[in-house]
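Beneath this line is the structure, given in structure tokens, with notes to follow.
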Amino acid sequence: MDQRSLPRKPCKKLGKEVDGPMKKEFHLMEFYGTECSHCRSMEPLVQRLQDEEGVEIARLEVWHNQQNAMLLQQYDQGRCGGVPFFYNSRTGQWLCGAVSYERLRAWALGKAGS
């Protein structure tokens, strides 16, 4: 079965959707595509991280938002070239693609290298 046809369960408070210039400074960013199955697979892990660690991750959609796509290029610098792409601006650490909860947590808490 094609994952696009599966119903999506919305997460109760999955990050802060950013559409346009960020008014608040976020140091944890997730760049994603709306239709991206790998991005969707990360949603429960991002939610769990926020619930357990109290961190806030800015979610920037890049497939339908040119401004966010340009921001992705600025942070990605050719390291990943796709989504999901996670960037921690305090540490410079990044994650490319779907990862385990342990790697996501270590990235968010600044405890792991890329």
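Can you tell me the relative contact order of region 24-108? Whole percent, Cα pairs under 8 Å, sequence separation 6 or more.
39 percent
Determine the percent antiparallel among the DSSP beta bridges restricted to region 24-108, to the nearest 5.
Within region 24-108, antiparallel bridges account for around 65 percent of the total.
What is the P(r) of region 71-114, as percent of Cα-Cα pairs per 10 Å bin from 0?
Binned Cα distances yield the sequence 30, 58, 12.
I need V55, V62 ordered by Cβ neighbour count within 10 Å, fewest first.
Details: V55 16, V62 24.
Ranked by crowding around the Cβ, least crowded first: V55, V62.
Using the Cα centre of region 24-108 as the reference point, and only Cβ charges (+1 on K/R, -1 on D/E), how large is the resulting charge dipole? Debye, rounded to the nearest 20.
In debye, rounded to 20, region 24-108 gives about 180.
Between beta-carbons, use under 13 Å as the cut-off and find the net charge around G92, counting Lys and Arg +1, Asp and Glu -1.
+1
Kindly state, as a whole number, the per residue volume in cubic angstrom of the convex hull around the alpha carbon atoms of region 24-108.
Details: hull volume 7.5 nm³, N = 85.
Per-residue hull volume (Cα only) is 88 Å³.
Quick note: the coordinates plus some simple rules give every number you see, no bench work behind them. Computed from a predicted model, the values in this text were never measured in an experiment. Counting neighbours? That spans all protein chains shown, and the Cβs are built from the backbone with ideal geometry, glycine included.
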